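J.: For reference, the structure I am asking about is given below.
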Amino acid sequence: MAARWQRGLAGLAAFLLLAQLLGSSGVLSRSVLPLASTVLTRAAGLAVNPQFLADLAATLEAWAAGLAIATAVGVPLGIALGRSAAALAYLEPLLHFGRSMPAVAFVTVFTIVFSLGTQSEIAFIAFGTTWPILLNTIDGARSVDPQQAETARAFRLPLGSRITKLIVLPRCRGSSPGCGSASRSPSS
């Protein structure tokens, strides 16, 4: 894992060095690719700029709120739909229709409904991130081995334990598909 980070940092350093050399030598116009030293100096200046830090905090707050709403809606609904074949059969066309709608198409709607500001930003983020979370959670819930589910029922595990031990926890491990990958993909 450390070698991967080291290769990534080496690649970034090589790119910055190349950009600096190409910009300094005049091969590339500075309007096309600014000098790496100029970019890094301005980035360092932003790191201590109070207005930038306040804007960054507001952006991260809206992102976290939107992702929390999407997770609160997508995971329980995805588990319910993934475990109910009948409900999924009725709603699957609607889900795929909603998934195919680009979130950008709703900017005007969110602005009218929530007015311009943080509320519309949070609604936009929540709408855009709900679909991957919902659909991946449905897939994760559908992939539960029926024999495991029946065994958990036979041992009279409470519903909450069955959901967490059979659906959520096994699907949220690092490389497993399901809700873990669902919550990673929209936030990246």
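The values are calculated or read from the model by the stated rules, or taken from the named source; none is laboratory data. Here the structure is a predicted model, which means the values were calculated and not measured. Here the Cβ is made from the backbone with ideal geometry for all residues, glycine too, and neighbour counts use every protein chain on show.
J.: Here are ALA44, ALA54, ALA3, ALA58: which of them is touching a residue at least 60 places away in the same chain (Cβ under 8 Å), among the small types (Gly, Ala, Ser) and assigned to a helix (DSSP H, G or I)?
T.: ALA58
J.: Which condition number does SER100 fail, the rest of (1) at pLDDT 90 or above; (2) exposed (fewer than 10 other Cβ atoms within 10 Å of the Cβ); (3) small (Gly, Ala, Ser) being met?
T.: (1)
J.: If you take the residues of segment 158-167 that are surrounded by 16 or more Cβ atoms within 10 Å (Cβ to Cβ) and free of Cβ contacts under 8 Å to residues at least 24 places away in the same chain, which of them is nearest to the chain's Cα centre (by Cα)?
T.: The selected residue is LEU166.
J.: Would you check if there is a residue in segment 105-122 being within 24 Å of ARG162 (Cβ to Cβ), modelled with pLDDT under 90 and crowded, with 17+ Cβ neighbours inside 10 Å?
T.: no
J.: Where residues in segment 140-175 are assigned to a loop (DSSP other than H, G, I, E, B) and charged (D, E, K, R), which of them is modelled with the highest pLDDT?
T.: ARG156
J.: For segment 96-139, how many residues are part of a helix (DSSP H, G or I), under 18 Å from the mean Cα position of the chain (by Cα), more than 22 Å from ALA58 (Cβ to Cβ) and not charged (D, E, K, R)?
T.: 10
J.: Just to check your reading of the model, which residue among ALA85, ALA14 is without any contact (Cβ under 8 Å) to a residue 40 or more places away in the chain, closer than 30 Å to ASP139 by Cβ and not charged (D, E, K, R)?
T.: ALA85
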